[in-house]
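Read-outs throughout are calculated quantities, based only on the coordinates presented, and are distinct from any laboratory measurement. In this text, all values refer to a predicted model and were calculated from it rather than measured experimentally. Because the Cβ atoms are built from the backbone with ideal geometry, glycine has one as well, and the counts that use them run over all protein chains shown.
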Amino acid sequence: MIALAYPDHITATYYLILAAILFTIGAVGLLVRKNTLVMFMCIELMLNAANLTFVSYANALNDISGQVIVFFTLVVAAAEVAVGLAIIIAIFRRRQSVSADDVDLLKG
Amino acid sequence: MEAVVFFVCAAAVIIGALGVIAGRNPVHSALFLLLTLVSIAVLYLQQHAALVAAIQIVVYASAIVVLFLFVITLLGVDKQEAPDDAHPVQRVAAVVLGVLALTGILVLVHGNRWVTGSPSARGGLGRAETGNVETLAKSLFTDFVWAFEMTAVLLVIAVVGSVVLARRSGHRAEAPVAEVPVAEVPVAEVPAAEPAAGERTPA
C-alpha cells in the first residue's frame, strides 16, 4: 500500500519508492547528459537503486540472500567502472573529448 | 526516530542524485554522487545490513568515487561545460519517459504482496546485536560459492581488460592519424608498379 502520511514505522514500501525515484533519476540522467563520465555516474545511481531494493526485500522477507546479491552487484559495478573508465581514457586519447556526441563513427 | 533518519537520508539521496545529473562540472557531479552513496549506506544500516553498509562506504564511496575523480582530473575535463548539453526536445522526451517509468515501478510496488517474517531456504537475516556478518559469510561461502568464484574470474578479466584498453604503447592502440603519412615515404623508393603489400594506409 502506498500511504505517504508521516509514519511511526518505516516499512519496506518507503524504501522501494525511494529506490524507484533514484532509478528514474539515474535513467533520465543517462538519457539527458552527454558527458560520458556523468553518464557512468548515472549508471552507478541505477545500480545503487537496485541494491537498495535488494536490501529492502532482504529486510522485509527476512532472507539473507538479498544481501548476498548486493555483493555481486558491487563486484559487477566495480568491474564495470574499471573497464568503462579505461574505455573513456582510450576514447579521450583519440578524440580529445569525453562527449558522447563525438563518438559517432557508426552513425553513417 | 526511524522515520526522521529515513526522511533525512531520502532527501539527501534525491538531492545528490539530482545534483549528479544537473551539475555542469563533472567534479561536482562526483561529489554529489558521494552524498548519495553515503546516504544509501545509512539506509542500509537502518535495515540490518551493517556489513553491506560498510562495504558501500569502502568500495563505492571511497574507491569508485576516487577513481571517478582521478579520471576526471587526469583527463583535465574538470571545467564547466556548455549549457546546451542536450537537445530541448530530447530533454523533454527523457523526462516524460522517466515519469512514465516511475509510474510503472510505483504501480508494481503498489501491487506487491509479501509474507514477512518467513525465512527462505537460504536462511534468515540473523539480527544479532553484533551484526549479521556470520550469517552473510555462511550463505556466501555455501549457497553462493559458485557465483563467488565467478566474481574472481570477472575481476581478473576486468583488470586485464582495463590494462589492455588504457595502455598507451603498441602500434594497434594508436591512431593512424598520429603517424607520419604512410604514402610519403614509399612512393619515392618503391617502383610505382608494385604497390606496397600489407602497408597500412590512413583511413
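Stretched out straight at 0.36 nm per residue, the stretch from residue B:108 to residue B:146 would grow longer than its current Cα-Cα span by 10.5 nm. Shielding by partners for peptide A:99-106, expressed as the average number of C-beta atoms from other protein chains within 10 Å of each residue's C-beta, is 1. Partner shielding of B:155-166 amounts to 5, given as the average count of beta-carbon atoms from other chains within 10 Å of each residue beta-carbon. Cβ-Cβ distance of residue B:97 and residue B:28, R₀ of 41 Å, FRET efficiency by 1/(1 + (r/R0)^6): the value works out to about 0.95.
Counting 0.36 nm for each residue step from residue B:2 to residue B:138 and taking away their Cα separation leaves a gain of 46.0 nm. The overall shape of region A:13-106, judged from the alpha-carbon gyration tensor, is oblate: a/c is not under 1.5, and a/b is no greater than b/c. Here the contact order of region A:13-106, divided by its residue count and restricted to Cα pairs under 8 Å and six or more residues apart, works out to 29 percent. Note on B:29, B:162, A:97: ascending count of other Cβ atoms within 10 Å places them as A:97, B:162, B:29, the fewest first. Legend: ranking of residues A:63, B:78 from fewest to most surrounding C-beta atoms inside 10 Å; resulting order B:78, A:63. The lysines whose alpha-carbon is closer than 18 Å to the alpha-carbon of residue A:107, local same-chain residues fewer than 8 away aside, are A:34.
Taking the number of Cβ atoms within 10 Å of each Cβ as an exposure proxy, the fewest-first ranking of B:141, A:72, B:32 is B:141, A:72, B:32. Taking trypsin sites (Lys or Arg not before Pro) across region B:1-110, the ones in a DSSP loop with at most 13 further Cβ atoms lying within 10 angstrom of their Cβ are B:79.
How well do other chains shield peptide A:41-54, expressed as the mean number of their Cβ atoms within 10 Å of each residue Cβ?
Shielding by partners across A:41-54 averages 5.
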